[in-house]
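Just below is one structure, and these are the notes that go with it.
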Amino acid sequence: MSQILLTAKNIAHKFDYELFTNVNLELKDKESIAIVGRSGSGKSTLLHIFSTFIQPDKGDVSVLGKDIYSLSEEKTEKIRRYDLGIIFQAHYLFKGMTALDNIEIATLLSKEKIDNELLERLEIQELMQQKIGELSGGQQQRVSIARVLSKKPKIIFADEPTGNLDKETAKLVMDVLLEYIDKNSAGLILVTHDEEMAELCNKSFRLEQKELSEMA
């Protein structure tokens, strides 16, 4: 029986102008959802709302059965540390440290072990002793993905994770993410402008004209 990992109901948010209104979404285990839309449509903001970082003006977000915007900061931080994995287009790696050191930080915080099979799948096992500053952008992105997956999150939020990658590496990264959620009964919400990557997910939604609608 499927488990519901995330539920968003009637989400609305604005900055100087209204970004979106009445957004509803449900994510189940072993499910991947892509959100596409033009630059400036609010995709990344929506992802930040789902992942506990921006409280919406209206609506509710439930993660693993908990209303995340009614929790204490301490409980929210616990969910972020153990249950959520967030992949940004910017890597946020520690440049003076090795690739291995960067991944170990995440596993120490979440009390997990590094998955060597995952490093092999991402084709970065040979890079572990290299400093982050010595790696290419694509290699750094794969290290950042390994860091996120090594903490064994239940929900992965990915903001343009393949945006700076060539097509072959982008496909490799997507394959690894989809294998991970299937193997670990996790879920993925992917924000992307690449409709080819979106088509690899179970469901695709388009955010435009302030509304989120499922694509056929």
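The values are calculated or read from the model by the stated rules, or taken from the named source; none is laboratory data. Since the model is a prediction, treat every value here as computed from it, not as a measurement. When we count neighbours, we look across all protein chains shown, and the Cβ atoms used for this are built from the backbone with ideal geometry, even at glycine. Ligands, DNA and RNA are stripped out before the accessible areas are found, and what is left, the full protein with its side chains, is counted by its heavy atoms. Shrake-Rupley method; radii C 1.70, N 1.55, O 1.52, S 1.80 Å.
Some observations on this one:
- Any chance residue 178 is part of a loop (DSSP other than H, G, I, E, B), touching a Leu at 6+ places or on another chain (Cβ under 8 Å) and among the aliphatic types (A, V, I, L, M): no
- The residues of segment 30-61 that are out of contact with any Leu (no Cβ under 6 Å at 6 or more places or on another chain) and of a type in the set (D, E, K, R), listed by number, are 30, 31, 38, 57, 58, 60.
- When residue 101 is tested against the conditions (1) open to solvent by less than 80 Å² (accessible area, probe 1.4 Å); (2) under 21 Å from residue 32 (Cβ atoms); (3) out of contact with any Gly (no Cβ under 7 Å at 6 or more places or on another chain); (4) charged (D, E, K, R), the lone failure is (2).
- Residues in segment 33-72 that are surrounded by fewer than 15 Cβ atoms within 10 Å (Cβ to Cβ), more than 13 Å from residue 6 (Cα to Cα), in contact (Cβ under 8 Å) with a residue 40 or more places away in the chain and of a type outside the set (Gly, Ala, Ser): 38, 57, 58.
- Restricting segment 156-171 to residues that are in contact (Cβ under 8 Å) with a residue 60 or more places away in the chain and over 15 Å from residue 183 (Cβ atoms), the residue that is surrounded by the fewest Cβ atoms within 10 Å (Cβ to Cβ): 163
- Per-region count, segment 82-100, residues over 25 Å from residue 43 (Cβ atoms), touching a residue at least 40 places away in the same chain (Cβ under 8 Å) and not aliphatic (A, V, I, L, M): 1
- Qualifying residue in segment 191-205 (condition: free of Cβ contacts under 8 Å to residues at least 60 places away in the same chain, small (Gly, Ala, Ser), in a strand (DSSP E or B) and open to solvent by 10 Å² or more (accessible area, probe 1.4 Å)): no
- Scope segment 1-32; condition outside any strand (DSSP E or B) and either within 18 Å of residue 215 (Cβ to Cβ) or open to solvent by less than 10 Å² (accessible area, probe 1.4 Å) (or both); matching residues: none
- Near pairs, Cβ below 6 angstrom, 6+ apart or cross-chain, from segment 4-22 (within 15 Å of residue 55 (Cα to Cα)) to any residue that is at pLDDT below 95 and part of a strand (DSSP E or B): 13/19
- Test result for residue 126, of a type outside the set (A, V, I, L, M), surrounded by fewer than 21 Cβ atoms within 10 Å (Cβ to Cβ) and out of contact with any helix residue (DSSP H, G or I) (no Cβ under 8 Å at 6 or more places or on another chain): yes
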